[in-house]
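Participant: Encoded as structure tokens, here's the structure I'll be asking about.
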Amino acid sequence: MISRPNDRTFESSDGWSVTAVGRSELRYREGGKVLLIESDRLDSGKEFLALYTGSMHRFEPPYDADVLTAADRDRIVHNIRTAYRSAGLEIRVSESC
């Protein structure tokens, strides 16, 4: 289940959350780990947000030594897409801006 404690944050009952930080960054949290992801708000059409997977390199310290795998990236993108869809919004996923 996804809840919205405020207009910038989605929280999942599965233990992850995503918060919009300004117009160009998302903060994804999962199991104590934090990942900053480049993004852009879109002002046209059904797509609300562009997310750039090329910016998904490492979790923030103290988990920065953990390897972020392709499966991790896929799961994180899926979770973020699920969050935004719960509000009737779509995201565009690209490797880079």
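The values are calculated or read from the model by the stated rules, or taken from the named source; none is laboratory data. All values derive from a computational prediction rather than experimental measurement. As a convention, Cβ positions derive from the backbone with ideal geometry for all residues, glycine included, and neighbour counts pool all protein chains shown.
Participant: Between residues in the stretch 62-74 that are at negative phi and residues that are among the hydroxyl-bearing types (Ser, Thr, Tyr) and surrounded by 10 or more Cβ atoms within 10 Å (Cβ to Cβ), which pairs lie under 6 Å by C-beta distance while being six or more apart or on different chains?
Facilitator: Arg73/Thr53
Participant: Output the residue which, of all residues in the stretch 26-46 that are basic (Lys, Arg) and exposed (fewer than 14 other Cβ atoms within 10 Å of the Cβ), is farthest from Gly15 (Cα to Cα).
Facilitator: Here the residue is Lys46.
Participant: For the condition touching a His at 6+ places or on another chain (Cβ under 9 Å) and either surrounded by 13 or more Cβ atoms within 10 Å (Cβ to Cβ) or modelled with pLDDT of 95 or more (or both), what is the one hit in Leu68, Leu49?
Facilitator: Just a single option satisfies the conditions, and that option is Leu68.
Participant: In this structure, is Ser3 assigned to a strand (DSSP E or B), more than 12 Å from the chain's Cα centre (by Cα) and at pLDDT 95 or above?
Facilitator: yes
Participant: Any idea which of (1) within 21 Å of Ser86 (Cβ to Cβ); (2) without any contact (Cβ under 8 Å) to a residue 60 or more places away in the chain is the one Gly32 doesn't satisfy?
Facilitator: Exception for Gly32: condition (1).
Participant: What number of residues within the stretch 27-49 are over 16 Å from Asn79 (Cβ atoms) and not hydrophobic (A, V, I, L, M, F, W, C)?
Facilitator: Matching residues across the stretch 27-49 total 8.
Participant: Taking Asp64 and the conditions (1) more than 21 Å from Asn6 (Cα to Cα); (2) in a helix (DSSP H, G or I); (3) out of contact with any Ser or Thr (no Cβ under 6 Å at 6 or more places or on another chain), which numbered condition does it fall short on, given that it satisfies the others?
Facilitator: It fails just one condition, (2).
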